[in-house]
1. Would you be able to tell me the number of residues in segment A:635-671 that are outside any helix (DSSP H, G or I), within 39 Å of the chain's Cα centre (by Cα) and within 28 Å of A:V855 (Cα to Cα)?
2. Within 15 Å of the ligand (Cβ to nearest atom), out of contact with any Phe, Trp or Tyr (no Cβ under 7 Å at 6 or more places or on another chain), hydroxyl-bearing (S, T, Y) and on the phi < 0 side of the Ramachandran plot: is that true of B:T73 in this structure?
3. Could you run through segment A:912-931 and say how many residues are open to solvent by 20 Å² or more (accessible area, probe 1.4 Å) and either at the interface with chain B (Cβ under 9 Å from one of its Cβ atoms) or not acidic (D, E) (or both)?
4. Could you list all residues from segment B:74-85 that are away from chain A (no Cβ under 11 Å) and either among the aromatic types (F, W, Y) or in a loop (DSSP other than H, G, I, E, B) (or both)?
5. Give me a count of the residues in segment A:238-290 that are among the charged types (D, E, K, R) and within 14 Å of chain B (Cβ to nearest Cβ).
6. Those residues that are more than 14 Å from chain B (Cβ to nearest Cβ) and free of Cβ contacts under 8 Å to residues at least 12 places away in the same chain, I need them from segment A:453-496; list them, please.
7. In this structure, does B:D41 turn out to be within 10 Å of chain A (Cβ to nearest Cβ) and among the acidic types (D, E)?
8. May I ask you to list the residues in segment B:4-14 that are open to solvent by 60 Å² or more (accessible area, probe 1.4 Å) and either away from the ligand (no atom under 16 Å from the Cβ) or facing another protein chain (nearest Cβ under 10 Å) (or both)?
Amino acid sequence: MNQHLSDKSGKTELRLAKGNGVDTGVAVSFTYDGVSYQGVKGDTLASALIANGVRLVGRSFKYHRPRGIFTAGPEEPNALVQLGEGARTEPNTRATQVELFDGLVAHSQNCFPSVKYDIGAVNSLVSRFLPAGFYYKTFMWPASMWMTYEKFIRRAAGLGKSPQQQDPDKYEQLHAHCEVLVVGAGPSGLAAAKSAAASGKRIILMDEQSEMGGSLLWNGATIEGKPGVEWARQQVAELKAMPNVRVVARCTVTSYLDHNFIAAAERISDHLPLSEQERAPIRQRFWKIRAAQVVVAAGSIERPLLFADNDRPGVMLSAAVRTYINRYAVLPAQEMVVFCNNDSAYATALDAKRAGAAVTVVDLRSSEVVNASAAATLVRDAGVEILAGCAIAGINGKQQIRSVIVQHLSGDKRSLSGEPREISCQVVAVSGGWNPTVHLHSQARGKLEFNNDLQAFVAAGNVSASDEIALMNPHLMSGACNGEFDIAACLADGWSKGLQAAGSSADSSSDSSEANAGGITASAAEADGLCSKVAALWTVPTTHEIGQGSRKHFHDLQNDVTVADIHLAAREGYQSVEHLKRYTTTGMGTDQGKTSNVVALAVMAELRGTGIPEVGTTTFRPPYTPVTFGAVAGQYTGELFLQERTTAMQPWHVANGAVFEDVGDWKRPWYFPRGDEDMHAAVQRECLMVRQSVGLLDASTLGKIDIRGRDSAEFLNMIYTNAWLKLAPGKCRYGLMLNEHGMVFDDGVTTCIAPNHYHMTTTTGGAARVMGWLEEWLQTEWPEKQVYCTSVTEQWAVTAVNGPNARKLLSKVTDVPLDNEQFPHMSYMSATVAGVPARIFRISFTGELSYEINVPARYGLHVWESLVEAGDEYDVCVYGTEAMHVLRAEKGFIIVGQDTDGTVTPYDLGMDWIVNNTKADFLGKRSLSRSDTSKPDRRQLVGILTDEPETVLPEGAHLVSAVLEKPPMPTEGHITSSYFSPNAERSIAMALVTRGLSRKGEKVTAQLMDGRTVSATIVDPVFIDAKGEHLNG
Amino acid sequence: MFTIECPWCGNRDQSEFTCHGEAHIARPLNTESMTDEQWGDYVFFRKNTKGIHYERWVHAFGCRRWFNAVRNTVTDRISSTYKPGEKPPAN
Ligand SMILES: [Zn+2]
C-alpha cells in the first residue's frame, strides 16, 4: 500500500508540478485528526488531504460506513469536518470549500473512537433493522420503545459538535442596493457582469470561491486566444477597476427572497493563518441586498451513478477529479477508472492520463454511441482503454478501493452478462450527467421544467406576463445553470443576459451569435464533450437484486439512503416526492441533496414506470449552503442584541447597589439590598419603611403621552371607560382602556394640564402599544378629530415620593403649598423642585400620601439626589419594583398584564365604578353586554388569605373547591399576585376565581405542583387601610 | 421579504411595516342598538380571501402612518397602496 507522506515542502507522490489555483512552491502546514501534514498555497483542505493520500475522511450518518472526499465543491456530502478548536470550532464544514491556512486544525466527525476503527459501524451489520421509515415507525411504537431507542438514536444523529464557549469573532450585516446582481463568476457570470457594467449602473458580482473564474479554473478552455483562467483574471481586474462595480469573492449567495431581496455570506478572514484570524476585525459579513435584476450564473453540479458499492472512499465525481488535477495540482490516484453515461467525463480521462495516471473508461452507453463520440475517439487515441456497454458491478476494498469489477450490460440493461473483469484502481471518477444549479431560481419561486437531452431540470423558459409570482423576483438564468454547457454559448448567454438585466438591450431574446457575445471567441479543451447524449440508466445492475445482497447502491451519501430504501418506500406507498423525501430522509441533510435529489426522483420514476417530472421536483430552500449563526446575527450581539433603556437616575442606582430587573427593554431597580440582605429581607424592609416614613421610587419608565387639541377630551372619553369631558385643568383621573372585545388592556392616570392639553400615563410595558392604539383610531377612524399625540416617556424623569412623611420631605425642596386643601389628592401643580421646573402630580400607587415629581430628564438625577438628601432626616428609603408590587397589592391595586391577561373586563375586576354606562359609547362598551362577557360565572378578581399566614402561594397556582384523589381536578381559577406582606404581617394574594365576587368568605384549596394542598379563604383584595385614610398623610 | 410603497415615504422594506388585517370596516355608530350577532361580526369576523385583499398596514418603524394596501394573498403582489379615507382603487 502506498504511503503518500509529504516532505517539508508539501510535495507528495500525488502532487503535480503546477495547477491553475495553487502555488506548489509555498508549503502550508495543517493537522488532520491529530496528524501533521503539508499542503500548498491555494489548496482546499480536501485537495491537501488527497495530495497526502488521505482517502478516508468520515463515517456515514446512519451505518457509519467509511466515506471519502466525493466532490470539489459545495455539493460535498461526505467530507464534513469539525474545523478548529475551542470557541472557534465549527461543525459540518465541507473540506472541499475550506481553504487551507497555516495552523489549520480539523477533525473527522461522526466516528468513535477514530475514523478507522468506528464502533458505530456495527450499525452496518444491523442495517436491515434501519430501513427507510425507521424513525417514523419507531415514533409510532409504544412510548416505552422510544425510551429504549432514544439514546441510540440521539448518539447516532449528531454530525459535528457545536462550540461550547461564546463566539470570539466579530461579524457584520451590510445592506446594499444595486441595479444588477450577478451571482457566480464563471464564464457566463463574468460575461454578464462585463456587459451589464458598461451601462454605468450599480453592479455587484459575487462568487463563493477564493478565486473567480468558476469552471475556467480547471476546464482548459481557450477564450480570445488565451487560457480561460487568464481571461477570467483579466475580466476580474477590469471589473474591479470600474467605479460602479463591486466584486466580492468568497461570498456565497445563500438566499433568494421576495422582491429580489438576496442574502449572501462573505468569508473575510476564514482563510487567513490562524494568528491573523484572531486579529481580524470582521470574520464574516452578511450581505442583505435589494437588486433590481439578478443574473444567476451559478453553474451546474455533476450527478453520481447509482452502482454497487458507490459510496466507497475513492469514488469521486468526474469533474472533481479534473478540478483536483488542473486547479489544485493533485492527482487523486495513480490508477483510475472513469465510469460514465455521457461525453463530459472523457476530458477527465484525458487529463488524468496526461497527468500520469493509468486510466480505463467504463461507459454505460453502447459501443455504437461511444464510437460516434469525438471525445471518446480522442481519448482512445491517447491510449486509454474504453469499455463501452459495460458497468461497474462492485468494488473491492472497504476503507480504500483496491479494484473494481466490470461486466457487460445485458441487452435490456437491467442485468449483467459475460465474464467479470477486475481492474486495479484507487479512484473511480463517475459522471451521471449534470444538474443545472437551479437552487436560487427555485428559492425565487421560479418554476422548473425537465429537459430530456440533459435528463435534468432547468428553469422554465417562458414566464407569462400574468404570472405575478414569477414577476415578483425578476432574474435571468445564465450559462450552465440555464442548461447551456458549450463554452462559447455560455459566454454569449452571459453577455446577452447582462445587457438585458441592465436594460441596455432592446432585444431581450437571447441568441448566441458572436455579435451578441460581445465578440468573445472561445473553444473548449480537447475531449471536453458536452453533457449531452446522456444515457438514462439510473440504477446500474449488480450481481444480485437491489436490497437482496451485501452491495448497496447509495444515492444520498450524506443521509445514508440507498436505492433499496426508495424501493421500500415505493412498495409501502410513499411514491410522491414529498412522501419519498420524508420517508427516506433523501435530500434532508445539510447538503440538501445537491447530488442526490434528481437521481432519487429518477429511481422512483423507474419504479412507477413514469417520467421524472411526473414524480415531481423538490423545492430548494434557503440557505444554499449552511451559514454560521454568527454571520446572520451580525453585529447585533451582546450589548447590541437588544436595546437597553435606562433612566436619568441610573448612575445613582448603580452606585447604590441596585439589583435590576428587565421590564420590557428597561433596566429597573428591583430592590436595593443593604448590608448582606437577601432579596426577601430587602423587599420586606423597603415595604415597611415606605409606610412608616417615606420612600422614593424611580417611576421614569411609566409611559407618558402628551395629548393636545380641540377634541382631546372627547377623544379620551372614547378611549377610557369613565367620564372625561368635565375634567378641570389641574385635576388627575385614573382610567382603564379596553379593546373592542371589552377586555382591559392598559391603565394609568391622565391629567388635564390646561384646556385641551393632557398628560397621559400608561404602564411601562404598554407605552408603545397605547401610543399605537391612539394613533390607529385617530388616523383611521376619526381623522376629523383635532387631537395630537406625542410620546414623551423619555422626556420626563419621574420620582415618586410615597409615605406619611412625603409632604414634609417634599416641602423642603419645593415652593408650592402641599396641604390637602390647596393640593388635594388627584390634582396637579406646576412647581419648582430643587431649583428646576417640575410637574407635581398628587397620585398614589401605594395608598400612602404620594407625589409624583416629573422634571425634564436632564434634571432627573439632580432632583433624585436632592430628594434623597432632603429625606435623610426622615430615614428615607429608596425602593425598587418588587416593593412597589407588594405595596400596591396590599391595597388591591391591579397590575395590567399580571392580574389581567386579556380575558378580563372591568366588571371581572370588581371595578364597576370606573365604567360609565351613561356615556353613549366608548371603545369596548358594547362588548361588556355580550352574552359571554355578562354571564355570572366569569372569573373575577378577589383577595386570597391562606389559613396559615406564613404560607405564600406560588403565582399561577390553581384553586379548587374539592380536592380529588389525583389530578385532573376542575379548576376554579388561579393566583395572579402573591407576596408576604410585612405591613399586613401575613401572606396576601390576589386571584381570578369563578364567581369570585359573590363568594367572599368561602373556602378554596390551592393545589400545588409538589402535591401539597393549601386551604385559604376568598376575601376582599384590600389588605391594609381599608378606609383609605393613609392617602391624606 | 417584500417592499411596500408607503403613500407618505415611498418604497420601503417590509420589516418596517406591520399588517392589521382587513380594511374598510367602519366602526359602527349605533353600537347600543346592535344585536350581539351584529356586534360580533364587527369585532370578530374577517374575510379570509384567496386573491385580492384590501388590508390595513402601518409604517410602524418609519413615519408611523396608517394606510391601506391591495394585496394578492396568493402571489403577495401589492398592486397599490393608498391613504385612509381614499377610495379603494378598482382592480
Ligand atoms: Zn411611511
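1. Looking only at that region, the number is 23.
2. no
3. Residues that pass the stated criteria total 9.
4. Listed by number, the list holds a single entry, B:Y82.
5. 3
6. A:N462 - this is the single residue of segment A:453-496 that is more than 14 Å from chain B (Cβ to nearest Cβ) and free of Cβ contacts under 8 Å to residues at least 12 places away in the same chain.
7. no
8. Hit for segment B:4-14 is B:N11, nothing else.
The values are calculated or read from the model by the stated rules, or taken from the named source; none is laboratory data. In this text, all values refer to a predicted model and were calculated from it rather than measured experimentally. Glycine also receives a Cβ, built like all others from the backbone with ideal geometry; neighbour counts cover every protein chain displayed. To get the accessible areas, we keep the full protein, side chains included, count just its heavy atoms, and leave off ligands, DNA and RNA. Shrake-Rupley method; radii C 1.70, N 1.55, O 1.52, S 1.80 Å.
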